[in-house]
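> Just passing along the structure, written as structure tokens.
No value in this document is a laboratory result; all are computed from the given coordinates. Just so it is clear, the model here is predicted, and its values are computed rather than measured. Positions of Cβ are generated from backbone atoms using ideal geometry, with glycine treated the same way; all protein chains shown enter the neighbour counts.
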Amino acid sequence: MTVIADLIIRNGAIRTMDEDRPTAQSLAVLGNRIIRIGSEAECQPLEGPETRVIDARGATVLPGFNEAHLHIFGGSVSLQQLSVATVKGVEDLAARIAEWRAQNPGLGFIVGHSAPYNFISDERMPRREDLDRACPDLPVFISSADHHTAWANTAALKLAGIERGAALPPGSEVVLDADGLANGELREAPAMNLIYSLSPSGGRDLLGAVTTAEDSGITPEERSEDMAALRKGLAYCARNGITSIQNMDGNYYQLDMLRELHANGELPVRVRVPYLFKPGTAVEAIGNAADWREEFQSDFLTSDFIKIFADGVVESGTAVLVGDYADAPGHNGTLLFSDADFNEAVILADSLGLQVAVHAIGDGAVHQVLNAYQAAREANGGRDARHRIEHIELLQESDFPRFAELGVVGSMQPAHPPEAMDFPAETYLPRIGAEREGIAFRTRELLDAGVPLVFSSDWPVARLAPLDSVKAAVMRRPWREGGKDQSVTVDQALHAYTRAGAWVEFKETQKGKLAPGYLADIVILDTDLTKVAPSEFSNVSIAVTICNARVTYAKDDAI
Ligand SMILES: [Zn+2]
């Protein structure tokens, strides 16, 4: 009996990410799996009258992108808010807010996102007076691109009743002037949520960074608003060629909504959500993560790892450095956990067979995490744990070899180094100082040392489009003459966005490459990437995205 394919993609410049057969022209799908890949002549015999045939028009075909670190709820909601990404100065901000109010009549609250730290001035942080000048009559809340800092105007500070500060957990702060009045800067989620929770989205999209399974008191109306936002955000992922996302915050509320979308057949991408382990929580709470792992284990929705924040970000001085900040003597940030508490949590998670992913930006925080991974290995014995460190913006020399020794995965964001995409050098490099530039964002060095790397955008921190990040990774240039070259090749970047992403999910036998038996998660571009200079990758668009053999996005005339 001849097998007839449900779907055939032909005329493609297929890059399989499979070293046994790196390139092909055609592939055939039956059910949700690839059944054959090779030349046109090899696949054509599987075509029957009912077979859907997609002509790739000579363009690059890849395994669907795996976005290994994003914030799906925050990203989804950001699609409905004012982007401050390109604002420069108070007058520009005032003009953008006026335009936004004209487009959205009746607004009672202005929420802006994706602000660079120098959106008001290259010389200083934004202040409430700046925002007051841009909009005196409504509460204004603007979050930084990295979502670790926000700025509020006086009306917003008053609304939240925090003009004189608030008691918050370590690492989080309503920043006060010497006179005891809030200057408008809010550091980290607990501080930001004091105001953001009063905004139209209710701040529910950010709660995944501070809550886990608490009863949220969310009304049915609020939940349906959130479902609508999520649908748009997930569709936006599909539009960007993504077939798998690994969320880096999460609570039970998000999982519950995603489960409902999945049950309705509305998930266009596979989603992985962590159990967030927070400072101040009893370590036994990690046992709940093992329960979630049992509860969510479908092909489309899993919750099978732990996320922990070890520090904050360099720009606001909340990242933990080895040694002082170059521009703030005596200051090196605050670890969110003591070493003892942190080790205990990681050892317990590891003993339960859970993968751990830790946000660690400063070299001091990275050091703490490596120590914990080592302690877990000593306590529980070595296993194929694939523990991850997220960001690794600074990595001291003495810790560098420990990544390979301990088998730690580097999760890096090619868009994050200053000047690689949208982030300016002025608010970053002076903080770390010239001497640390050589240990910053060591992408290529880690790859050369054989450390597995996964790439991602950290959306909404940076633009979601994987090809924008691939471009940033390939085009990376040193900040000064003689600086280290940390750029990678196109193939290395694509690997980190596909096959490595599947591997870090322990799904390397299911997805991440185009080969017989693998899931039909496929992206077709509108161009052959080998015919385009990396500097032009931002102009390449997605023609078709296919997840689980279903077309989840198609550009106008692509099929
Ligand atoms: Zn993140």
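> Under the Karplus relation 6.51 cos²θ - 1.76 cosθ + 1.60, θ = phi - 60°, what is the ordered set of whole-Hz ³J(HN,Hα) values for the stretch 367-380, x standing for Gly and Pro?
So the Karplus estimates, Gly and Pro as x, are 4, 4, 5, 4, 4, 5, 5, 5, 4, 5, 5, 5, 6, 10 Hz.
> Given an 8 Å cut-off on Cα distances and at least 6 residues of separation, report the relative contact order of the stretch 101-233 as a percent.
18
> For helix 220-239, report the angle its Cα long axis makes with the longest principal axis of the Cα atoms of the chain; keep it between 0 and 90° and round to the nearest 10°.
The answer is roughly 50 degrees.
> List the aspartates and glutamates whose alpha-carbon lies under 18 Å from that of Lys158, not counting same-chain residues fewer than 8 positions away?
Qualifying aspartates and glutamates at Cα under 18 Å: Glu129, Asp130, Asp132, Asp137, Glu173, Asp177, Asp179, Glu185.
> So how far apart, in nm, are the two label points at Arg33 and Thr51 if each is 7 Å from Cα heading toward Cβ?
So the label points at Arg33 and Thr51 sit 1.8 nm apart.
> With a sphere of radius 11 Å drawn around the Cβ of His69, what net charge do the other residues whose Cβ falls strictly inside it have (Lys, Arg +1; Asp, Glu -1)?
That works out to -1.
> Apply the Karplus parameterisation 6.51 cos²θ - 1.76 cosθ + 1.60, with θ equal to phi minus 60°, to every residue of the stretch 422-432 and state each ³J(HN,Hα) to the nearest whole Hz, in sequence, with x for glycine and proline.
So the Karplus estimates, Gly and Pro as x, are 10, 7, x, 6, 4, 8, 10, 4, x, 6, 8 Hz.
> I've got another one for you. Search the structure for amide H atoms under 5 Å from the amide H of Leu7, placed 1.01 Å from N in the peptide plane, and list their residues when 5 or more places away or on another chain.
Residues meeting the amide H criterion: Val29, Arg52.
> If one computes the Cα centroid of the stretch 230-278 and of the stretch 375-450, what distance in Å separates the two points?
27
> Please list, or write none, the aspartates and glutamates whose alpha carbon is within less than 14 Å of the alpha carbon of Lys511, excluding same-chain residues fewer than 8 places away.
Result set, ordered by chain and number: Asp18, Glu67, Asp299, Asp521.
> Further question: Could you list His495, His262 so that the one with the fewest beta carbons within 10 Å of its beta carbon is first and the one with the most is last?
Least crowded to most crowded, the residues run His262, His495.
> Sticking with this one: Strictly greater than 18 Å: what percent of every Cα pair in the stretch 230-286 meets that? Spell out each step's value before the answer.
Values: 622 of 1596 pairs.
Percent of Cα pairs beyond 18 Å in the stretch 230-286: 39.
> Quickly estimate the mean residue ellipticity at 222 nm for the chain, helices only: each DSSP H run with n ≥ 4 gives -39500 (n - 2.57), and the total goes over all residues, rounded to 500.
Helices in the chain give a 222 nm mean residue ellipticity of -8500 deg cm²/dmol.
> Quantify how much of the Cα-Cα distance distribution of the stretch 396-485 extends past 16 Å, in percent.
57
> If you don't mind, another one. For the stretch 81-200, report the % of Cα-Cα distances exceeding 25 Å.
Value for the stretch 81-200: 14 percent of Cα pairs lie more than 25 Å apart.
> When Ser83, Ser224 are ordered from fewest to most other Cβ atoms inside 10 Å of their Cβ, what list results? Can you show the working numbers first?
On the way: Ser83 16, Ser224 11.
With the sparsest Cβ surroundings first, the list reads Ser224, Ser83.
> Determine the alpha carbon to alpha carbon distance for each of Lys471/Lys531; Lys307/Lys555; Lys232/Lys531 and list only those over 26 Å.
Lys307/Lys555; Lys232/Lys531
> Taking N as the number of residues in the stretch 1-142, what is its Cα Rg relative to 2.2 N^0.38 Å?
My calculation over the Cα atoms of the stretch 1-142 gives 1.77.
> Also, quick follow-up: Considering the alpha-carbon set of the chain alone, what are its Rg and its Dmax in angstrom?
Using the Cα atoms of the chain, the pair Rg, Dmax is 23.3, 84 Å.
> Scanning the chain for GluC sites (Glu not before Pro) in DSSP loops with at most 13 other Cβ atoms within 10 Å, what's the longest stretch left with none?
It works out to 215-480.
> Further question on the same structure: Distance in nm between label sites at Phe506 and Leu181, each 7 Å beyond Cα in the beta-carbon direction?
Placing both labels 7 Å along Cα→Cβ, they lie 5.5 nm apart.
> Length gain on complete extension for the stretch Met227 to Asp327, per 0.36 nm per residue less the alpha carbon to alpha carbon distance?
31.6 nm
> Pulled fully out, how much extra length does the chain show between Asp448 and Asp526, if you take 0.36 nm times their separation in residues and subtract their Cα-Cα distance?
24.9 nm
> Output the 0 to 90 degree angle, nearest 10, between the alpha-carbon long axis of helix 286-295 and the longest principal axis computed from the alpha carbons of the chain.
Its long axis makes an angle of about 30 degrees.
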